[in-house]
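All remarks here apply to the structure that follows.
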Amino acid sequence: MERTFCIIWFLYVSVCESLLFPDSKPVMHGEVLSPEYPQPYPPNLQKRWDLSVPNGYQIRLAFSHMDIEASAGCYYDSLTVLYNEKVLAKFCGQENSADGHHPGNQPILSPGNRLTLLFQTDSNNPEKHQNVGFSAQYQAIDIDECSAPEPRDGSDSLCAQICLNTLGSYICSCHHGYELRSDQRTCALSCTGGIFDEPQGHLSSPGYPNSPPHALSCQYVISVDSGFTVTLNFSDNFHVESVDTQQGPNCLYHWLQVTVPHREPIKLCGAKSPGVIETNSNTVRLDYHTDDEGLSNGWSLDYSTQRVNCPPPSKVAQGRVTPMLAEYFYRDYIFVRCDQGYKLMMDGHEIKSFSAMCQNNGQWHLPLPECHIIDCGEPEPLLNGGLTFLSGFQNQYRSVFQYHCNEPFYSLLGGVNVSFTCEADRKWRSHNDVVVSPTCLPVCGKPIKHVSGIQRIIGGSDAPDNTIPWQVMLNVNQNRGGGMVIADRWVMTAAHNLIDKNSKVATEAIQIYMGHNNVDTILQTPLYAASVHTHPGYNNPNNVDYNNDIALIKLQDPVTFNASIMPICLPPEGAAYETGIMGLVSGFGITKLGEQRFALTNKLKYVLVPLVAEEECAKSAVSWKQESANIPDLTNNMFCAGMREGTKDSCQGDSRGPYALYDHQRYWAAGIVSWGVGCGKKGAYGVYTRVANYLDWINKTMQEN
């Protein structure tokens with residue numbers, strides 16, 4: 001679209017200017033059809049098409065169909081293709097016609113960005129065959145100006161040195177040391193320098209190896225990534241003018257100066273190549289200077305880069321550094337692993353792993369850690385026992401310890417000493433896979449001292465310390481009685497003194513004393529009951545039925561056994577109650593002061609009394625009943641012990657106390673003082689609960705509570 005604007009100046013001068021406003025983007029392709037195609041074209045026709053595309057492109061014309069009346073030399077009807085009014089081709093006919101000239105499948109390429117099509121027809125068109133004309137498509141094709149051959153007429157080429165093809169055009173460039181002139185085609189010797197940041201490259205002075213025509217002052221900077229160092233390798237052909245002196249060449253007027261940060265610059269000149277220069281820096285500046293006088297052919301060099309070196313790491317005691325290399329470079333990694341049984345430590349803290357990287361300053365980014373021996377920690381304490389280290393430092397790797405029990409009051413379960421070793425996984429492990437953790441079992445019925453001799457029953461001998469360590473004194477509603485220790489939280493006694501008015505006494509009414517043979521001393525450290533368990537078969541509302549006279553008291557806190565407190569053993573399986581065997585009876589009961597005088601003793605007393613045959617015991621019971629109707633009945637859960645002539649017996653206050661038999665170097669609880677007629681009365685025996693009959697009930701009660 002063309003519009004005309006007239007601008008009238010104040011001095012009566014008018015200027016008219018035509019401005020072109022394009023309606024659309026440049027045409028890059030299109031289609032040309034003969035008039036009325038695909039119908040037959042009319043006669044007496046002359047049609048012209050002027051095709052154009054943007055500068056820098058040429059036109060590619062291809063025919064999809066052509067049907068023009070054929071004639072020799074296309075004399076009658078024809079389509080003519082022209083470029084700048086110069087005929088490129090003239091077409092007529094059909095693809096298989098004998099006359100005419102058909103383009104076939106070959107496209108036409110214009111020399112420039114324009115092309116003209118001229119279609120002419122005469123007045124004659126045979127009636128039997130109507131020709132339909134042609135259809136053609138065109139498109140813009142980029143011209144590769146740089147590939148054009150050099151002009152034969154000797155005129156200048158497009159670019160003096162380097163030609164770079166672009167879409168629709170081209171640009172010129174120059175070799176290093178030259179710059180493009182204002183005509184954008186020719187090159188002139190120059191020195192623009194620049195920054196070179198590739199890992200390797202080539203530099204040379206302007207015009208090398210020839211002398212430049214004028215003075216130069218060039219600067220080149222090689223700057224690569226930190227962590228790399230630059231090496232300069234000058235070629236042998238080196239020539240920078242110098243003045244010879246006795247001290248050697250002097251760079252007065254021409255020089256190449258090499259500058260590395262934080263170092264004195266080096267000036268180079270003369271005819272001898274500097275060879276290889278290791279800069280040990282990632283930045284190097286080269287300043288080349290010449291004046292208008294003198295001749296310097298210049299220099300060339302190749303530069304390369306190497307990664308920065310880090311010092312070899314030192315050794316780590318009880319550890320190793322990997323990988324072991326002859327040299328370590330920037331971005332290399334090292335790792336430290338400790339020997340088995342050692343751990344990585346840094347700044348006083350344990351770390352799971354360690355790696356360090358070689359930095360661009362040639363230093364490792366972390367100092368090496370240390371390897372410290374691992375520690376399995378304090379072994380689990382052994383209840384009623386201890387441990388002894390057999391080797392190594394306490395708790396450290398490969399240390400070995402062994403548990404032991406507090407003998408002679410406790411012994412190891414199974415009787416086998418087990419050693420534990422501190423392993424690399426920081427756990428104490430036993431050499432015996434079966435043993436997970438040892439257990440110290442109480443030793444029963446083996447006092448460190450023994451009583452001896454046969455004593456008189458009422459007023460029997462004082463028990464020496466630590467001879468009857470299972471003895472318990474009970475205080476139930478202010479009534480004194482006896483019992484025996486059978487486990488660290490269990491006391492066995494008679495049921496009849498834990499029943500008050502047909503009801504089980506409250507736990508708060510019971511005080512338990514043990515560990516001393518003197519009443520005044522023992523009363524200072526009472527123990528308390530957690531629960532009371534009388535035998536379910538005990539029923540004695542009128543004090544005439546002592547069958548199942550057995551009970552258990554559970555302590556609130558466990559007792560640690562020692563020489564003065566030790567459990568008595570329970571009866572062994574199939575325990576034998578042999579007539580005449582001597583049993584040990586003990587208690588804080590009544591002692592005889594005279595023929596008719598009795599009093600509670602303040603000392604633990606003991607007496608040895610024989611076990612009486614069942615027939616004798618039964619016969620004695622018949623005689624007792626003849627004297628009194630309130631004498632209890634004997635049952636299979638009882639046995640008698642004592643002397644027929646009397647004088648040796650348990651008495652009031654010893655109730656619930658132990659009757660102990662000695663077998664296989666152990667005392668076991670054969671009976672519990674239950675009832676009797678008088679104290680040491682002639683013809684009367686003490687009656688005891690037969691403990692062996694209650695083993696199942698005892699074990700079940702302790703397990704369930």
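Okay, residues lined up against (1) crowded, with 20+ Cβ neighbours inside 10 Å; (2) small (Gly, Ala, Ser):
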{"residue": "38", "(1), (2)": "no, no"}
{"residue": "42", "(1), (2)": "no, no"}
{"residue": "51", "(1), (2)": "no, no"}
{"residue": "65", "(1), (2)": "no, no"}
{"residue": "68", "(1), (2)": "yes, no"}
{"residue": "83", "(1), (2)": "no, no"}
{"residue": "98", "(1), (2)": "no, yes"}
{"residue": "109", "(1), (2)": "no, no"}
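Being closer than 18 Å to residue 232 by Cβ, crowded, with 18+ Cβ neighbours inside 10 Å and in contact (Cβ under 8 Å) with a residue 40 or more places away in the chain: is that true of residue 308 here? Answer is yes for this residue. Note on region 468-480: among residues that are at pLDDT 90 or above and part of a strand (DSSP E or B), the one that is surrounded by the fewest Cβ atoms within 10 Å (Cβ to Cβ) is 475.
Hey, any hits in region 236-244 for a residue that's surrounded by fewer than 16 Cβ atoms within 10 Å (Cβ to Cβ), more than 30 Å from residue 309 (Cβ to Cβ), touching an Asp or Glu at 6+ places or on another chain (Cβ under 8 Å) and assigned by TED's automatic domain parsing to the domain that holds residue 284? Can you show your working first?
So in region 236-244, the residues surrounded by fewer than 16 Cβ atoms within 10 Å (Cβ to Cβ) come out as 236-237, 243-244.
Applying the additional criterion that residues be more than 30 Å from residue 309 (Cβ to Cβ) yields 237, 243-244.
Going one step further and asking which of them are touching an Asp or Glu at 6+ places or on another chain (Cβ under 8 Å), we end up with none.
No; the residues of region 236-244 include none that is surrounded by fewer than 16 Cβ atoms within 10 Å (Cβ to Cβ), more than 30 Å from residue 309 (Cβ to Cβ), touching an Asp or Glu at 6+ places or on another chain (Cβ under 8 Å) and assigned by TED's automatic domain parsing to the domain that holds residue 284.
A quick yes/no check of all residues on (1) acidic (Asp, Glu); (2) more than 22 Å from residue 291 (Cα to Cα); (3) in the same structural domain as residue 303 (by TED's automatic domain parsing):
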site: 159; (1), (2), (3): no, yes, no
site: 162; (1), (2), (3): no, yes, no
site: 172; (1), (2), (3): no, yes, no
site: 200; (1), (2), (3): no, yes, yes
site: 205; (1), (2), (3): no, no, yes
site: 209; (1), (2), (3): no, no, yes
site: 216; (1), (2), (3): no, no, yes
site: 219; (1), (2), (3): no, no, yes
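Considering only region 410-429, state which residues are touching a strand residue (DSSP E or B) at 6+ places or on another chain (Cβ under 7 Å) and either surrounded by 15 or more Cβ atoms within 10 Å (Cβ to Cβ) or touching a residue at least 12 places away in the same chain (Cβ under 8 Å) (or both).
First, pick out the residues of region 410-429 that are touching a strand residue (DSSP E or B) at 6+ places or on another chain (Cβ under 7 Å): 410-413, 417-423, 428-429.
Residues satisfying the conditions are 410, 411, 412, 413, 417, 418, 419, 420, 421, 422, 423, 428.
One line per residue, one yes/no per condition, for (1) touching a helix residue (DSSP H, G or I) at 6+ places or on another chain (Cβ under 9 Å); (2) within 15 Å of residue 73 (Cα to Cα):
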{"position": "89", "(1), (2)": "no, yes"}
{"position": "93", "(1), (2)": "yes, yes"}
{"position": "98", "(1), (2)": "no, yes"}
{"position": "102", "(1), (2)": "no, yes"}
{"position": "109", "(1), (2)": "no, no"}
{"position": "113", "(1), (2)": "no, no"}
{"position": "116", "(1), (2)": "no, no"}
{"position": "121", "(1), (2)": "no, yes"}
{"position": "132", "(1), (2)": "no, no"}
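Taking the criterion of being outside any loop (DSSP other than H, G, I, E, B), farther than 27 Å from residue 254 by Cβ and of a type outside the set (A, V, I, L, M, F, W, C), the residues of region 168-200 that qualify are 169, 170, 173.
State yes or no: is residue 284 surrounded by 19 or more Cβ atoms within 10 Å (Cβ to Cβ), not acidic (Asp, Glu) and not assigned by TED's automatic domain parsing to the domain that holds residue 195?
When the stated conditions are applied, residue 284 does not pass them.
Using the structure shown, decide if residue 121 is closer than 15 Å to residue 34 by Cβ, among the hydroxyl-bearing types (Ser, Thr, Tyr) and surrounded by fewer than 18 Cβ atoms within 10 Å (Cβ to Cβ). First the steps, then the outcome.
Working: closer than 15 Å to residue 34 by Cβ: yes; among the hydroxyl-bearing types (Ser, Thr, Tyr): yes; surrounded by fewer than 18 Cβ atoms within 10 Å (Cβ to Cβ): no.
Criteria not met by residue 121.
Suppose we keep only residues that are assigned to a loop (DSSP other than H, G, I, E, B) and farther than 17 Å from residue 494 by Cβ within region 525-541. Which one would you say is modelled with the lowest pLDDT?
To start, the set of residues in region 525-541 that are assigned to a loop (DSSP other than H, G, I, E, B) comprises 525-526, 535-541.
The next check asks that each one be farther than 17 Å from residue 494 by Cβ; those that pass are 525-526.
Numbers: 525: 91, 526: 94.
Taking the candidates together, the pick is 525.
To keep it simple, each residue is scored yes or no on (1) touching a residue at least 40 places away in the same chain (Cβ under 8 Å); (2) surrounded by fewer than 17 Cβ atoms within 10 Å (Cβ to Cβ).
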position: 312; (1), (2): no, yes
position: 317; (1), (2): yes, yes
position: 320; (1), (2): no, yes
position: 323; (1), (2): no, yes
position: 329; (1), (2): no, yes
position: 333; (1), (2): no, yes
position: 347; (1), (2): no, yes
position: 351; (1), (2): no, yes
position: 354; (1), (2): no, no
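Looking at region 333-400, the strands (runs of 3 or more DSSP E) lying wholly inside it that each contain 2 or more residues that are modelled with pLDDT under 95 and over 30 Å from residue 281 (Cα atoms) sit at 385-391. Counting only residues that are surrounded by fewer than 14 Cβ atoms within 10 Å (Cβ to Cβ) and not in a strand (DSSP E or B), which one in region 201-214 is modelled with the lowest pLDDT? Across region 201-214, the extreme among qualifying residues is 213.
Can you pull out the residues in region 262-279 that are in contact (Cβ under 8 Å) with a residue 24 or more places away in the chain and surrounded by 14 or more Cβ atoms within 10 Å (Cβ to Cβ)?
Going through region 262-279, the residues in contact (Cβ under 8 Å) with a residue 24 or more places away in the chain turn out to be 268-279.
268, 269, 270, 272, 273, 274, 277, 279 - these are the residues of region 262-279 that are in contact (Cβ under 8 Å) with a residue 24 or more places away in the chain and surrounded by 14 or more Cβ atoms within 10 Å (Cβ to Cβ).
The values are calculated or read from the model by the stated rules, or taken from the named source; none is laboratory data. None of the values given here were measured: they were computed from a predicted structure. Here the Cβ is made from the backbone with ideal geometry for all residues, glycine too, and neighbour counts use every protein chain on show.
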